[in-house]
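I have placed the structure first, in the form of structure tokens, so that the comments after it can refer back to it.
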Amino acid sequence: MKLQQIRNATVIIDYAGKRFLIDPMLSPKGAFPAFPGTVNDHLSNPLVELPIPMEDILAVDAVIVTHTHEDHWDEAAKRLVPKNKPIFVQNEQDAGEIRAEGFADVRMLGDDSEFEGITLIMTAGQHGSDGIMASPAGELLGEVCGVVFRHPDEKTVYLTGDTIWNAYVQDSLAQHQPDVVILNAGDAQIPALGSIIMGKQDVHEVYRAAPGAALIATHMESVNHATLTRDELRAFAAEKGMADHLLVPEDGETCTL
């Protein structure tokens with residue numbers, strides 16, 4: 001398999017002969033405001049431009065939208081992704097939103113979803129701590145999901161989605177025993193409430209729970225509220241002895257596993 005880091009949580013996964021576009025945020029730099037109530041909310045999103053041409057990003061077989069926050073499914077994606085492209089979503093609410101935007105082939109992820117011989121298994125996550133989810137911010141953060149990719153000729157891949165380290169992630173690792181784990185690891189923050197995606201300590205917990213897996217960090221250095229830099233995560237990985245297990249690709253970089 002190959003993974004190309006595009007920008008933020010937007011990645012392209014080449015898997016068993018098919019190409020999947022994950023969580024497309026396709027707007028030009030600075031196209032929409034910061035997320036209100038988060039850190040660095042004086043900045044406009046995205047913070048950086050796309051690293052490769054749009055035609056290359058859209059040359060895929062299917063799209064997976066783990067949830068419909070603007071940094072995962074923005075106005076540009078709604079406009080640019082072909083309306084007949086298969087799009088996998090987590091629930092009927094997201095499916096209804098995307099169908100209403102004119103997309104004709106919206107499919108549900110589940111326990112044994114399938115695409116061209118590839119099994120896609122939806123996993124649970126939580127977009128912040130229990131305290132955050134119980135706060136008024138919790139309703140805005142809403143439901144999120146991850147996805148496990150399985151095929152007889154490929155490594156098992158677990159894309160965690162927008163979640164912190166918690167029992168959902170721990171259980172998914174134990175159940176699916178992935179060879180590759182893709183982590184949204186930019187440590188996005190809400191002041192006074194805390195992290196709403198993984199930070200460096202969460203990455204270390206994943207490493208401890210799955211020491212044989214290759215880890216790939218994404219969702220970094222692209223939106224206003226992401227606070228963990230690539231350099232900081234690489235230094236932390238070296239300190240904790242997990243640098244050989246962790247890839248932290250730059251935007252546009254491709255990892256072959």
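We did not get these values from a lab; they are worked out from the coordinates using the rules stated. This is a predicted model, so every value here is computed, not measured. Methodologically, a virtual Cβ is constructed for each residue, glycine included, from the backbone with ideal geometry; neighbour enumeration extends over all protein chains shown.
What is the one condition in (1) surrounded by fewer than 16 Cβ atoms within 10 Å (Cβ to Cβ); (2) in a strand (DSSP E or B) that T123 does not satisfy?
(1)
Give me the residue from segment 224-244 that is assigned to a helix (DSSP H, G or I) and touching a strand residue (DSSP E or B) at 6+ places or on another chain (Cβ under 7 Å) and, out of that set, nearest to K29 (Cα to Cα).
Just the residues of segment 224-244 that are assigned to a helix (DSSP H, G or I), to begin with: 230-239, 243-244.
Checking the rest, the ones that are also touching a strand residue (DSSP E or B) at 6+ places or on another chain (Cβ under 7 Å) come to 233, 237.
Numbers: L233: 24, A237: 29 Å.
Only one residue tops the list, namely L233.
State all residues of segment 1-60 that are among the polar types (S, T, N, Q), assigned to a loop (DSSP other than H, G, I, E, B) and at negative phi; if no residue qualifies, say none. Steps first, answer last, please.
The first filter runs over segment 1-60 and keeps only residues among the polar types (S, T, N, Q), leaving 4-5, 8, 10, 27, 38, 40, 44-45.
Checking which are assigned to a loop (DSSP other than H, G, I, E, B) leaves us with 8, 27, 38, 40, 44.
The answer is S27, T38, S44.
Tell me yes or no: at least one residue of segment 40-52 is acidic (D, E) and either over 17 Å from A76 (Cβ atoms) or touching a residue at least 60 places away in the same chain (Cβ under 8 Å) (or both).
First, the residues of segment 40-52 that are acidic (D, E): 41, 49.
Then keep just the ones that are either over 17 Å from A76 (Cβ atoms) or touching a residue at least 60 places away in the same chain (Cβ under 8 Å) (or both); that gives 41.
Within segment 40-52, one or more residues are acidic (D, E) and either over 17 Å from A76 (Cβ atoms) or touching a residue at least 60 places away in the same chain (Cβ under 8 Å) (or both).
Output the qualifying pairs, or none if there are none: Cβ atoms under 7 angstrom, residues six or more apart or on different chains, first residue in segment 9-27 and touching a residue at least 40 places away in the same chain (Cβ under 8 Å), second residue hydroxyl-bearing (S, T, Y).
Going by the 7 Å Cβ cut-off, the qualifying pairs are A9/T218; V11/T218; I22/T10; D23/T10; D23/T66; P24/T10; M25/T10.
Any idea how many residues of segment 186-201 are over 15 Å from the mean Cα position of the chain (by Cα) and either touching a residue at least 60 places away in the same chain (Cβ under 8 Å) or within 16 Å of G131 (Cβ to Cβ) (or both)?
Start the filter on segment 186-201 by keeping residues that are over 15 Å from the mean Cα position of the chain (by Cα), which leaves 189-195, 200-201.
Remaining after also requiring either touching a residue at least 60 places away in the same chain (Cβ under 8 Å) or within 16 Å of G131 (Cβ to Cβ) (or both): 189-195.
Qualifying residue count, segment 186-201: 7.
Restricted to segment 188-222, and to residues that are in contact with a Lys or Arg (Cβ under 7 Å, 6 or more places away or on another chain) and not polar (S, T, N, Q), which residue is farthest from A31 (Cα to Cα)?
Taking segment 188-222 and keeping what is in contact with a Lys or Arg (Cβ under 7 Å, 6 or more places away or on another chain), we get 204, 220-222.
Then drop every residue that is not not polar (S, T, N, Q), which leaves 204, 220-221.
Working: H204: 34, M220: 18, E221: 16 Å.
For segment 188-222, the residue satisfying everything is H204.
Show the residue pairs that are 6+ apart or on different chains and have beta-carbon atoms under 6 Å apart, the first residue being within segment 110-132 and more than 30 Å from A192 (Cα to Cα), the second being crowded, with 18+ Cβ neighbours inside 10 Å and of a type in the set (D, E, K, R).
T119/R150
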